[in-house]
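Below is one structure; the comments refer to it alone.
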Amino acid sequence: MARERLSQQDIETALAGLNPGWQGGPEKLTRSIEFADFPTAVEFVNRIAPRCEEIDHHPDLALRWRWVDIELSTHSSGGVTDLDTALAGIVDEVAGGLP
Ligand code: HBI
């Protein structure tokens, strides 16, 4: 049984508690984060990896110089679920600890 997709209203509610850089639609949540430099962007990826393993939920990441483009969706559900909003909060926590 696939995990339940969130309604747009639920997504809007979740976004209110997340970094304003997040954009959300029924299909995915996206955020592009600019770090101080390339090594810091790589450090973000390295720090987020074990957190994703802990919850068995993984982002789509594009590492572009000092930017990391993040897309969150629950592939097995074909859209945004509470796993994605939870991972968005983890992304905010990890990114917030980096320059
Ligand atoms: N991560 N974003 C995302 N979407 C999934 O459907 C997903 C995942 N990580 C692991 C995973 N599915 C499955 O391996 C477990 O749900 C069993």
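In the range 58-99, of all residues being in a strand (DSSP E or B) and within 10 Å of the ligand (Cβ to nearest atom), the one that is farthest from Asn19 (Cα to Cα) corresponds to Thr74. A count restricted to the range 44-62 and to residues that are open to solvent by less than 50 Å² (accessible area, probe 1.4 Å) and in contact with a helix residue (DSSP H, G or I) (Cβ under 9 Å, 6 or more places away or on another chain) stands at 5.
Scanning the range 35-57 for residues that are basic (Lys, Arg) and within 14 Å of the ligand (Cβ to nearest atom) yields a count of 1. Here Ala86 does not qualify as touching a helix residue (DSSP H, G or I) at 6+ places or on another chain (Cβ under 8 Å), under 29 Å from Ala2 (Cβ atoms), aliphatic (A, V, I, L, M) and in contact (Cβ under 8 Å) with a residue 40 or more places away in the chain.
The values are calculated or read from the model by the stated rules, or taken from the named source; none is laboratory data. These numbers come from a predicted model, not from an experiment. Note that each Cβ is placed from the backbone with ideal geometry, even for glycine, and that neighbours are counted across all protein chains shown. When the accessible area is computed, the model is the full protein with side chains, heavy atoms only, and any ligands, DNA or RNA have been set aside. Shrake-Rupley method; radii C 1.70, N 1.55, O 1.52, S 1.80 Å.
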